[in-house]
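Peer 1: One structure, as structure tokens, below. Some questions next.
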């Protein structure tokens, strides 16, 4: 009889141990499931679907910090193109300069005012001169804030008789601001100045 009770006690201990193991396994599986669900939820939120021409295209959202150099270079490029790409038309000049001034602080407005006072834009219109800029490279200093930059570009002044090519180098800094329709990248260029704008070549357009 004692052997019978001993067997019952031993079986109870085994059942108790099995129950503990089962409970521990259930808790582990539950925690793992919650973690995986949270991870999948985060991954799902990082996927964006853009509707284009009736088709859903998948895009992946990224932390802005990963894209700052890319966005900043494009912001600087857009600013220079808006400031320097000019046609001999007063309304076009005013429209592009206005676009550029939304992307920079008063230093750009000062540069514009100086050029306007010197009659630069009037000369473009009266001389039927088109001005184009090609941004060659942009050097960034991401180790300081506001982010310092140097922009190297080629500027062309196209006349009916000739094309003048200039080497253009500017520098400044950029800080973060709120994004808007007029400033989609969310940067503002500060202390902007032209440090070089020198004729490199004059090519005749005459046959």
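The values are calculated or read from the model by the stated rules, or taken from the named source; none is laboratory data. Quick caveat, the model's predicted, so the values are computed rather than measured. Here Cβ is always computed from backbone atoms with ideal geometry, including for glycine, and neighbour counts include all displayed protein chains.
Peer 1: Could you tell me which of the residues 113, 105 is touching a strand residue (DSSP E or B) at 6+ places or on another chain (Cβ under 6 Å), at pLDDT 95 or above and assigned by TED's automatic domain parsing to the domain that holds residue 175?
Peer 2: Answer to the check: 105.
Peer 1: Right, next: Which condition does residue 137 not pass, out of (1) under 26 Å from residue 113 (Cβ atoms); (2) surrounded by fewer than 16 Cβ atoms within 10 Å (Cβ to Cβ), if it passes all the others?
Peer 2: (1)
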